[in-house]
Amino acid sequence: MSAMRVILYRWRNVMLANRLEKRFRHLRKWARRFDVECFRVYERDIPEFPLIVDWYDGDVVAWFYDRTKDDTHEKRGAFEALATQEILQGLAITPDRLHSKFRRRQKGLDQYERFDEAAVVRTVREQGLLFEVNLSDYLDVGLFLDHRQTRHYIRERSQGKSLLNLFAYTGSFSCYAAAGGARRTLTVDMSRTYQDWTARNLRLNGFEPGPVHGLAHEDCLQFLARPTGERFDLVVCDPPTFSNSKRMQVDSFSVDRDWPELFRLIESWLAPEGELWFSTNSKRFELDAAQVPAGLHALEVTARTTSEDFKDKWSHRCWIISRVPPRMPKVRQ
């Protein structure tokens, strides 16, 4: 490698440390104002560094992405070592506080499967609530940071209402609804691991799983296909982009393809004046108004559900679906 290339390579690495330090300094002030301990610091801002870096109250999780198709094992190792050094420097943390993971193409529910047994488990605070996060053992840690603002709106709307939480993961929306005064929550997920996690999250916030805050260990599509007559004032649905899990009755689920049928299934569970809060991380998703079931109205609220640490980044898109034209939620002060 020429001397000029060495200098350029080292300069780009310093760019990463400087970017992390500057971004963290800004976000830490914002997080304190809103009682947030976990936030995204960096998301592939510099093309040479395809990383995501999240802060969890003193711990850091870094997800490494493949850089090029012709990357060798040796090149990847050298890049990861350099990036790790810059993360430690930029965020002023010790190596034991950094938890590195590798995000590659996943199949089905692979991203939710355990791949380690280190059990680095923390309890973190978000907007007055407590959540358990596992920083080491799964690809995702148990709390989707990009939906923090969406959770805030659900809590604001929940007083005296019922909530159906579909594809619920670890139940954070249910906790927010319960804290907002919901008279009933029902959390549906096909993973026993994550339903147990939901139960722990509910208890952390002073709510006991049971008749009032129910847990249904079931495939959401099968659950929705058997309406019981119960209707919900709020339905939260954040499905996987794609799944071909063997635990599902259908061969596969694709949100880009199957969302109209999903809406039709949910409609029978929605109270007359109820709202469906639907979101997706699919970059190819298009909500065609012509395919929305008759009698339902859709309003995109992505701008309202995107918080400071996800501005100018791709995180999710979100809509309110209801029988009466939905209103844009008020901007949080």
| query | So what is the relative contact order of the chain, in percent, for Cα pairs below 8 Å that sit 6 or more residues apart? | reply | 12 percent
| Taking GluC sites (Glu not before Pro) that fall in a DSSP loop and have at most 10 other Cβ atoms within 10 Å as cut points, what is the longest piece of the chain between them? | 118-285
| Neighbour-count order for Val292, Val212, fewest beta carbons within 10 angstrom listed first | Val212, Val292
| For segment 144-322, how big is Rg over Rh, using alpha carbon atoms and the Kirkwood form of Rh? | 0.93
| Where the eigenvalues come from the Cα gyration tensor of segment 248-328, what are the semi-axes √(5λ) of the equivalent ellipsoid, largest first, in whole Å? | 22, 18, 11
| Relative counts (whole %) of C-alpha pair distances in the chain, using bins that are 20 Å wide | 29, 57, 14, 1
| request: Compute the distribution of all C-alpha to C-alpha distances in segment 3-104, in bins of 10 Å from 0, and list the percent of pairs in each, rounded to whole numbers. | output: 14, 48, 29, 8, 1
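Among 49-56, 252-259, how do they line up from the highest to the lowest mean number of other beta-carbon atoms within 10 Å?
Values: 49-56: 21.6, 252-259: 16.5.
By packing density, highest mean first, the sequence is 49-56, 252-259.
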| Going out from 0 in 5 Å bins, what whole percent of all Cα-Cα distances in segment 52-202 drops into each bin? | 2, 8, 16, 18, 18, 14, 10, 8, 4, 2, 1, 0
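Please state the charge dipole magnitude for segment 144-322, taken about the Cα centre, from unit charges on C-beta atoms (+1 on K and R, -1 on D and E), reported in debye and rounded to the nearest 20.
400 debye
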| message | For the pair Glu230/Lys29, report the inter-label distance in nm, with labels modelled 7 Å from Cα in the Cβ direction. | response | 4.7 nm
| note | From fewest to most C-beta neighbours within 10 Å, the residues Leu130, Leu224 line up as Leu130, Leu224
| Helix-only [θ]222 nm of the chain, DSSP H runs n ≥ 4, -39500 (n - 2.57) each, per residue, nearest 500 | -9500 deg cm²/dmol
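Could you grab the relative contact order for segment 184-333? Cα pairs under 8 Å, six or more apart, rounded to a whole percent.
Relative contact order, segment 184-333: 20 percent.
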| Spin-label proximity, Leu204 to segment 160-175 - amide N less than 12 Å from point 7 Å beyond Cα toward beta carbon | 170-173, 175
| query | At Glu218 and Asp312, where each label point lies 7 Å from the Cα along Cα→Cβ, what is the point-to-point distance in nanometres? | reply | 4.6 nm
| message | If you fit an axis through the alpha-carbon atoms of helix 148-157 and take the longest principal axis of the Cα set of the chain, what angle between them do you get, 0 to 90°, nearest 10? | response | 20 degrees
| said: Highest mean first, how do 162-172, 231-241 rank when packing is the count of other Cβ atoms within 10 Å averaged over residues? | reply: 162-172, 231-241
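Rule-based calculations on the coordinates, nothing more; no lab input. Keep in mind it's a predicted model, so treat the numbers as computed, not measured. With ideal geometry, Cβ positions are generated from the backbone for all residues, glycine too; neighbour counts draw on all protein chains shown.
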